[in-house]
Structures are given as C-alpha cells and as structure tokens.
Amino acid sequence: MFYYKGAFRETDNVIYFKSEVLLKQHDMVLFGERTYFIESVEKEFLLLERVGSIVTVSV
C-alpha cells in the first residue's frame with residue numbers, strides 16, 4: 001500500500017489518499033467522478049491538475 005499527499009495547482013487544497021499501485025508522473029487518478037492528471041511527483045507528494053472529459057486515448 002502506498003500513501004500519498006496531493007495538492008492542486010494555485011489552491012491551498014490538499015488531499016491524502018492511499019493506492020495499491022505506485023503512481024508516477026503523467027498517470028491519471030479518479031476520485032469519485034473527478035479525474036486528475038499527475039503533473040509531478042516528489043516522494044509521496046503529487047501535484048494534481050483537474051481534467052475535463054477524456055474523449056479518446058490511443059497508444
């Protein structure tokens with residue numbers, strides 16, 4: 001289990017959460033109906049950016 005602290009750009013809001021997988025930069029996380037992009041990772045601290053809707057993803 002991995003424990004994280006996340007902050008949102010240009011706000012004082014912080015969120016604490018745990019994950020069963022190791023998160024890294026450019027991953028996406030879901031909290032309820034909201035989707036967040038991990039902009040950067042420093043140890044267990046994540047800088048999050050809210051994402052609108054994702055239309056399509058290709059690899």
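The values are calculated or read from the model by the stated rules, or taken from the named source; none is laboratory data. Worth saying up front: this structure is predicted, and the values here are computed from it rather than measured. Because the Cβ atoms are built from the backbone with ideal geometry, glycine has one as well, and the counts that use them run over all protein chains shown. These accessible areas exclude ligands, DNA and RNA; they are computed on the full protein's heavy atoms, side chains included. Shrake-Rupley method; radii C 1.70, N 1.55, O 1.52, S 1.80 Å.
General remarks:
- In the stretch 18-29, the residues that are closer than 11 Å to G6 by Cβ reach residues that are open to solvent by 100 Å² or more (accessible area, probe 1.4 Å) and not in a strand (DSSP E or B) with C-beta atoms within less than 9 angstrom, at least six apart or across chains, in these pairs: S19/M1.
- Within the stretch 1-54, if we keep just the residues that are open to solvent by 50 Å² or more (accessible area, probe 1.4 Å) and aromatic (F, W, Y), the residue that is modelled with the lowest pLDDT turns out to be F31.
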